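The values are calculated or read from the model by the stated rules, or taken from the named source; none is laboratory data. Just so we're clear, the structure is a prediction, and the values are computed from it rather than from any experiment. So basically every Cβ, Gly included, is an ideal-geometry build from the backbone, and we count neighbours across all protein chains shown.
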Amino acid sequence: MPSPRQLGWPTRTGPKNAAPPRSQGRQCLAASPRLAGSKSSTTSTPRRPSCARLAPEQRRRRRAGEEMKLKQLEGLLGGLTQFPAPKVELEQYPTGPHIASRMLYTAENSFNDITGKVVADFGCGCGTLAVASALLDAEHVIGIDVDPQSLELAQENAADLELDIDLIWSDIKNLNLKGFHIDTVVMNPPFGTRKKGADMEFLSMGLKVASQAVYSLHKTSTRERIKKAALRDFNAASAEVLCELRYDLPQSYKFHKKREVDIAVDLWRFVPNARRSS
Amino acid sequence: MRLLTHNMLASNVRGATTGYPLKLEAAKWVTKEVDLNADFIRGLLPKIDWRALVAATRALGLPELLPEEQPPEEEIFAEGAADVEGSAIRRIHHALLEIHVQEGSLVCPDTSRCFPIDKGIPNMMLHEDEV
């Protein structure tokens, strides 16, 4: 089995609190110490076998106890159907396979937060992060979204890969979950640019229901605000930026004047207050 | 929607005190086999509301699947129990992870507000005046 280093993906041995340097140039991922080497996978796009052929392969892999490789994960996520008509008011920016695969791969390989866990994807959209969690053998995955068309897409995407994920049609702010069954929350929340405070609603709820960790993407420009809110208002035990990403946003909406909009985004890991862990 | 999801889901409609557990009224459900992970069940069981789980299985017409009271952990996690057909851990695993409710509804215990389940997806959306 290749080591994480061979996969071009460092383990948790890197400098823990080193501030991620600003990225230079146009690449999806900034060269943060933890994510060094990720560039390699942006340069080549492996041909993706059809989903129908990969599902049995995945079953075989699971039985053999083999690890999903980063590139395999990215390839599978690349085959998902995205929003045909994104909704402005919901800030439906798709989570690209590059970012999603690295987010979930880091959550599992550096922190053991996915495999064998109960994982919830807040604002799951077409289900990219939920599907990624299931591919990394989360025991139970729940995707929650306010948009029924997205949920239908997520259901199809999961079914195409023969994965079982549960879906709930709900507003995140009105969600009522009991008992801390959920270990890990993963999310690519609205950045709160169209609807003020939407990012905070997601973060607050994530920290309320997760017993282990919350992974989330937020605009780098809101870093201080996010940190303060998580630690002070939402009672997080810790809030750490794992790396800074370039969110390559294709021109999804008419109000995006430039052909492509490049947004600096932080990948966060929050640890909820310890009283929840059983 | 599987019963593990049902076990954590509550109603947030105005007027609900706890909104939990939601009364399951299922018209249609299917089962799909998944591998049993005893470590996962061990970690999860303390968080499970046993009575809500039992009520859900009974609502599905499976009165024999789980006993009224949770069996002692020594029995559930006894050596080799996972390999015995019909053992407590196999039943718990089946109840939580192998039953998929496709159509039916979830009823708020406090307000009787009904949340329909359509194509396996519970609709927990609230109207503005219900928040």
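Residues are listed down the side, and each one gets a yes or a no for (1) modelled with pLDDT under 95; (2) surrounded by 21 or more Cβ atoms within 10 Å (Cβ to Cβ); (3) on the phi > 0 side of the Ramachandran plot; (4) of a type in the set (D, E, K, R):
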residue: A:Leu135; (1), (2), (3), (4): no, yes, no, no
residue: A:Asp145; (1), (2), (3), (4): no, yes, no, yes
residue: A:Leu163; (1), (2), (3), (4): no, no, no, no
residue: A:Lys173; (1), (2), (3), (4): yes, no, no, yes
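Assessment of the stretch A:236-250 against the conditions (touching a strand residue (DSSP E or B) at 6+ places or on another chain (Cβ under 6 Å), part of a loop (DSSP other than H, G, I, E, B) and in contact (Cβ under 8 Å) with a residue 24 or more places away in the chain) yields at least one matching residue.
Residue by residue, here is whether (1) at pLDDT 95 or above; (2) assigned to a helix (DSSP H, G or I) holds:
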residue	(1), (2)
A:Arg47	no, no
A:Ala52	no, yes
A:Pro56	no, yes
A:Arg61	no, yes
A:Pro84	no, no
A:Glu89	no, yes
A:Leu104	yes, yes
A:Glu108	yes, yes
A:Leu129	yes, yes
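Are any residues in the stretch B:1-32 more than 16 Å from the chain's Cα centre (by Cα) and over 16 Å from A:Leu177 (Cα atoms), and if so, which ones? Within the stretch B:1-32, just B:Gly15 meets the criteria. If the requirement is being surrounded by fewer than 20 Cβ atoms within 10 Å (Cβ to Cβ), more than 11 Å from chain A (Cβ to nearest Cβ) and of a type in the set (Val, Ile, Thr), which of these qualifies: B:Thr18, B:Thr31? Of the residues listed, the single one that is surrounded by fewer than 20 Cβ atoms within 10 Å (Cβ to Cβ), more than 11 Å from chain A (Cβ to nearest Cβ) and of a type in the set (Val, Ile, Thr) is B:Thr31. Within the stretch B:98-112, does at least one residue satisfy the condition of being within 14 Å of chain A (Cβ to nearest Cβ), part of a helix (DSSP H, G or I) and among the β-branched types (Val, Ile, Thr)? No, the stretch B:98-112 contains no residue that is within 14 Å of chain A (Cβ to nearest Cβ), part of a helix (DSSP H, G or I) and among the β-branched types (Val, Ile, Thr). Reported count of residues in the stretch A:183-230, each being β-branched (Val, Ile, Thr), in contact with a helix residue (DSSP H, G or I) (Cβ under 6 Å, 6 or more places away or on another chain) and either away from chain B (no Cβ under 14 Å) or surrounded by fewer than 24 Cβ atoms within 10 Å (Cβ to Cβ) (or both), is 2.
Quick check on A:Leu151: is it under 16 Å from B:Lys119 (Cα atoms) and in contact with a Phe, Trp or Tyr (Cβ under 8 Å, 6 or more places away or on another chain)? Taking the combined requirement at face value, the residue satisfies it.
When we screen A:Gly116, A:Gly127 for residues that are within 14 Å of another protein chain (Cβ to nearest Cβ), free of Cβ contacts under 8 Å to residues at least 24 places away in the same chain and not polar (S, T, N, Q), the only hit is A:Gly116.
For the stretch B:82-95, the condition holds for at least one residue, the condition being that it is touching a residue at least 60 places away in the same chain (Cβ under 8 Å), surrounded by 15 or more Cβ atoms within 10 Å (Cβ to Cβ) and not in a strand (DSSP E or B). Considering the stretch A:156-170 alone, what residues qualify as being more than 7 Å from chain B (Cβ to nearest Cβ) and either part of a strand (DSSP E or B) or not β-branched (Val, Ile, Thr) (or both)? Correct list: A:Glu156, A:Asn157, A:Ala158, A:Ala159, A:Asp160, A:Leu161, A:Glu162, A:Leu163. Scanning the stretch A:131-155 for residues that are within 9 Å of another protein chain (Cβ to nearest Cβ) and in a loop (DSSP other than H, G, I, E, B) yields a count of 2. Take B:Arg51 and tell me if it is within 14 Å of chain A (Cβ to nearest Cβ), surrounded by fewer than 16 Cβ atoms within 10 Å (Cβ to Cβ), closer than 21 Å to B:Leu106 by Cβ and touching a residue at least 24 places away in the same chain (Cβ under 8 Å). Yes; evaluated as a whole, the condition is true for this residue.
A Cβ distance below 7 Å, combined with a sequence gap of six or more or placement on separate chains, defines the contacts here; from the stretch B:1-13, residues that are facing chain A (nearest Cβ under 7 Å) reach residues that are surrounded by fewer than 23 Cβ atoms within 10 Å (Cβ to Cβ) and of a type in the set (Lys, Arg) in the pairs B:Met8/A:Lys178; B:Ala10/A:Lys178; B:Ser11/B:Arg113. What are the residues in the stretch A:228-278 that are within 21 Å of A:Leu129 (Cβ to Cβ), among the aromatic types (Phe, Trp, Tyr) and modelled with pLDDT under 90, if any? Residue satisfying the conditions is A:Tyr247 alone.
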